[in-house]
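In what follows, a structure is listed as structure tokens, so that the remarks can point back to it.
The values are calculated or read from the model by the stated rules, or taken from the named source; none is laboratory data. The structure presented is a predicted model; accordingly, all values stated were derived computationally and were not measured. All Cβ positions, even for glycine, are placed from backbone atoms using ideal geometry, and neighbour counts span all protein chains on display.
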Amino acid sequence: MKKLAIVLFLTAIFIMLPGCWSKKELTELGFVMGITLDQGKDGKIDMLTQVYRPTSIQSTATALTRVSSINVKTSDDSVMEAVRDIPIHLGRKAQFSHMRIIVVGEKLARSGNIGKLLDLFYRDHEPRSSVSLVIAKGKASKMLEKKPLIEQTTAQQLLRAEETAYRSSAKTFDTSLLYLVMQMKSAHPDTVVSYVYEDKLSDKMYNSAGLALLQNGKMKTVLPSNKVEGLLMLRNEYKSGVIEIPCAAKKREVENTEILTIHTRTKPVIKGDKVSVSVKLQGDVSIGELKCSKLDTEKDEAEFIHRIEEKMKEQMKSTIRFLQANKIEVIGIGNAIYKADPKKWGKIKQTWDAQFAEVPFDIKVKLRLITNGTITGKPAVEAN
């Protein structure tokens, strides 16, 4: 009898509870795919919000030719006010739970702390902390005003370009909102953000290559795409890419290898008041293109691999020279010093960027050739 009373009591509670206490109709929401933030007039923030455009089942044929998104422009003194102004134009509340990317204009990124600018998206419960962040050359709004090449929306197109450029080409880095906040709250807060710009050959496309370097929350300069590979190697964040080496006889011809795996150990060495850095890289490669080399013997293979190792060393050294010339350390050495010796870091952190400019690096690279791609180590077609 007691069990029956408990069951009836719980049943009554469930009946009285509303079934949709937090319901929101789809027709009341506008699902945001991406936003851009630019420096506006009189210190205002100009925001462009790309909202997914729903398609009715009855109008499938029309949907094939209709744009899958619309852009809403707002401007206000703060990001939150600009967000609250979206329904004035859209007629729906902006829903940020599916937002793919945030694009910040370079002028705005250079003028103030980008962490403070994006505080709303880090704090609010709707946006995901995994949302990608990029900085655009010129006006950020131009990036989402272009038509997508293959994806349904420009925001999705830009996101996929940035992700693939990092994973397959090592030309940029996929920076999420969470990663940015974690880096800016670390012992040494200098960090990197993916950089995008309009393609020189076509204004209908954009390039996701290079990195915006942030110091004290503000964008300081741009790391060119040809130096990003070296940085990713130093940070042990290199996924996949190609290393090219010129032919000795024909300068215009190059051979290359594909990087299959890489593991880098970058370790600061502290002796008294002096800091040096030891870099040890190990990896596996495969032959991509052979045009002038013949790998008939073990000696030939060892010489070829040595040339690849030296090229990778030079890529890292070139990146280091660029960072030291600009006195901005985004390799992670400062944070490594803090982890190893917090007291030592406390003494040098105020002048670390200046000290970093003089830090010597000892770089060692060891590669293994996994496959030639064919049964022979010769070019497919040998020149006469």
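So the values come out like this:
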item	result
Only listed residue being in the same structural domain as Thr264 (by TED's automatic domain parsing) and within 30 Å of Gly217 (Cβ to Cβ), chosen from Lys339, Lys311	Lys339
Residue match in the range 346-365 (condition: in contact with a Lys or Arg (Cβ under 9 Å, 6 or more places away or on another chain), loosely packed, with under 13 Cβ neighbours inside 10 Å and farther than 26 Å from Lys311 by Cβ)	yes
When residues of the range 267-300 are limited to those that are basic (Lys, Arg) and modelled with pLDDT of 85 or more, the one surrounded by the fewest Cβ atoms within 10 Å (Cβ to Cβ)	Lys271
Residue match in the range 286-295 (condition: within 20 Å of Val228 (Cα to Cα) and among the hydrophobic types (A, V, I, L, M, F, W, C))	no
Residue in the range 222-241 that is assigned to a strand (DSSP E or B) and either closer than 28 Å to Lys107 by Cα or not assigned by TED's automatic domain parsing to the domain that holds Val365 (or both) present	yes
Pick from the range 322-345, criterion of a type in the set (D, E, K, R) and closer than 24 Å to Ser225 by Cα, ranking: surrounded by the fewest Cβ atoms within 10 Å (Cβ to Cβ)	Lys327
Test: residue in the range 94-105 that is at pLDDT below 95, assigned to a strand (DSSP E or B), more than 20 Å from the chain's Cα centre (by Cα) and surrounded by 15 or more Cβ atoms within 10 Å (Cβ to Cβ)	yes
Hits in the range 115-150 - residues which are of a type in the set (Ser, Thr, Tyr) and either outside the structural domain of Leu178 (by TED's automatic domain parsing) or surrounded by fewer than 21 Cβ atoms within 10 Å (Cβ to Cβ) (or both)	Tyr122, Ser129, Ser130, Ser141
Number of the condition not met by Phe304 [criteria: (1) under 26 Å from the mean Cα position of the chain (by Cα); (2) over 30 Å from Thr154 (Cα atoms); (3) in contact (Cβ under 8 Å) with a residue 60 or more places away in the chain]	(1)
Any hit, the range 151-162, residues being in a loop (DSSP other than H, G, I, E, B), closer than 19 Å to Lys73 by Cβ and in the same structural domain as Thr49 (by TED's automatic domain parsing)	yes
Failed item in (1) of a type outside the set (Ser, Thr, Tyr); (2) modelled with pLDDT of 95 or more; (3) farther than 23 Å from Lys339 by Cβ, with Met233 passing the rest	(3)
Members of the range 151-205 found to be among the aromatic types (Phe, Trp, Tyr), under 22 Å from Ser240 (Cβ atoms) and touching a residue at least 24 places away in the same chain (Cβ under 8 Å), listed by number	Tyr166, Phe173, Tyr195
Single match in Glu358, Glu303, Glu314 (criterion: over 13 Å from Pro268 (Cβ atoms), of a type in the set (Asp, Glu) and not in a helix (DSSP H, G or I))	Glu358
Any hit, the range 279-291, residues being in a helix (DSSP H, G or I) and among the polar types (S, T, N, Q)	no
Unique match (being of a type outside the set (D, E, K, R), in a strand (DSSP E or B) and surrounded by 16 or more Cβ atoms within 10 Å (Cβ to Cβ)) among Thr264, Thr319	Thr264
Where a residue in the range 259-283 is closer than 22 Å to Ser168 by Cα and its partner, wherever it lies, is of a type in the set (Ser, Thr, Tyr), with Cβ under 7 Å and at least six apart	Ile259/Tyr238; Ile259/Ser240; Leu260/Ser286; Ile262/Tyr238; Leu281/Thr264; Gly283/Thr261
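Listed here are the residues, each with its yes/no results for (1) modelled with pLDDT of 95 or more; (2) buried (at least 18 other Cβ atoms within 10 Å of the Cβ).
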residue	(1), (2)
Lys171	no, yes
Leu178	no, no
Met182	no, no
Val193	yes, yes
Lys204	no, no
